[in-house]
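The values are calculated or read from the model by the stated rules, or taken from the named source; none is laboratory data. Predicted model only: the values in this text are computed from it and were never measured. Every residue, glycine as well, gets a Cβ built from its backbone with ideal geometry; the counts of neighbours run over all protein chains shown. Quick note on the areas: whole protein, heavy atoms, side chains included, nothing else; ligands and nucleic acids left out. Shrake-Rupley method; radii C 1.70, N 1.55, O 1.52, S 1.80 Å.
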Amino acid sequence: GAVVSQHPSRVICKSGTSVKIECRSLDFQATTMFWYRQFPKKSLMLMATSNEGSKATYEQGVEKDKFLINHASLTLSTLTVTSAHPEDSSFYICSASDFDRVPSYEQYFGPGTRLTVT
Amino acid sequence: GQNIDQPTEMTATEGAIVQINCTYQTSGFNGLFWYQQHAGEAPTFLSYNVLDGLEEKGRFSSFLSRSKGYSYLLLKELQMKDSASYLCAVRATGGFKTIFGAGTRLFVKA
């Protein structure tokens, strides 16, 4: 159990366009989802935390108007990179947690989305 | 501020034992995680420590000392497939946010 999927796995887009990345918990209801980005050979940087039905909480330095997060249901969160630029090229990873689950501390990671902006 | 330190790279030999250290300074503490990450893939959960002491799970063990802000991951009987990055992460606040270290790239050689 506890499978998280992301779609797409890879996307190439042109500068100035918007890209939507989906994160789904397949076999559990995720009370909280997290979005991370990771640069090559670097660690995961938390971008935002989202709870179903409420606004996402963004980390300092992350532009909320550029990285739009929607958590419309307990199994789906989306990250939209608006007006993408080459510097937004990165590996984006989501994770999902169900804090009513045992153990409650785990977060389950999706397989990641490689975004390349040309 | 929040700070998690771990070595950038380590090399070890197949069959050997390797210890990856992690020190942390965070605002509050609510558990420490170790994850394994292969290149281009998502992290996979290895261990969780919230109390001092050693947690053993097969070939992998993790140790925590909260007073020292210190943890280590011990990998025994190394296999080539253990070549990966190992991420130390701390759940720092009363909530659920997790802060990740930069990761230690482990190279296992024959």
Computed over chain B: relative contact order in percent, which uses C-alpha pairs under 8 Å that are six or more apart: 37 percent
With the calculation restricted to Cα positions, what are the radius of gyration and Dmax of chain B in angstrom? 13.4, 44
Sorted by accessible area with a 1.4 angstrom probe, largest first, how do A:Met47, B:Met80 fall? B:Met80, A:Met47
Sort A:Thr57, B:Thr8, B:Thr26, B:Thr13 by accessible area with a 1.4 Å probe, largest first. B:Thr8, A:Thr57, B:Thr13, B:Thr26
If you wrap chain A's Cα atoms in a convex hull and average its projection over all directions, what's the area in nm²? 7.0 nm²
Based on alpha-carbon positions alone, could you give the equivalent ellipsoid semi-axes of the range A:6-66 from the gyration tensor, as √(5λ), descending, whole Å? 20, 16, 14
As a test of the definition: with a 1.4 Å probe, what buried accessible area, both sides summed, do you compute for A against B, in Å² to the nearest 100? 1600 Å²
So for A:Ile69, A:Ile12, A:Ile93, what's the accessible-area order with a 1.4 Å probe, most first? A:Ile12, A:Ile69, A:Ile93
In the protein assembly as shown, how does Rg compare with the Kirkwood Rh, expressed as the Rg/Rh ratio over alpha carbon atoms? 0.97
Considering only protein heavy atoms, what is the solvent-accessible area of B:Arg66 at a probe of 1.4 Å, reported in Å² to the nearest 10? 110 Å²
Cα coordinate range in the range B:55-110, projected on the principal axes (Å, largest first): 43, 21, 18
Separation of alpha-carbon centers, the range B:4-61 and the range A:18-39, rounded to whole Å: 24 Å
Determine, from the Cβ-Cβ distance of B:Lys109 and A:Ser5 and an R0 of 45 Å, the FRET efficiency 1/(1 + (r/R0)^6), rounded to the nearest 0.05. 0.85
Accessible surface of A:Lys14 - all protein chains present, 1.4 Å probe, nearest 10 Å²: 150 Å²
For the range A:52-118, what class follows from the C-alpha gyration tensor (a ≥ b ≥ c being the square roots of its eigenvalues): rounded when a/c is under 1.5, otherwise prolate if a/b is larger than b/c, else oblate? prolate
Long-range amide H partners of A:Lys66 with built H, under 5 Å: none
Nearest 20 debye, what's the magnitude of the dipole of chain A about its Cα centre given +1 on Lys and Arg Cβ and -1 on Asp and Glu Cβ? 420 debye
Radius 12 Å from Cβ of B:Ile17, net charge of other residues (Lys, Arg +1; Asp, Glu -1): -1
In terms of modelled amide H atoms, which long-range or inter-chain residues lie less than 5 Å from the amide H of A:Ala48? A:Trp35, A:Glu59
Place +1 on the Cβ of every Lys and Arg and -1 on the Cβ of every Asp and Glu in the range A:1-94, take the dipole about the Cα centre, and give the residue among A:Pro8, A:Phe67, A:Ser54 whose Cα lies farthest towards its positive end. A:Pro8
Lysines whose Cα lies under 27 Å from that of A:Lys55, excluding same-chain neighbours fewer than 8 positions away: A:Lys20, A:Lys64, A:Lys66, B:Lys97
With every protein chain in place, the accessible area of A:His71 for a 1.4 Å probe, in Å² rounded to the nearest 10, comes to 10 Å²
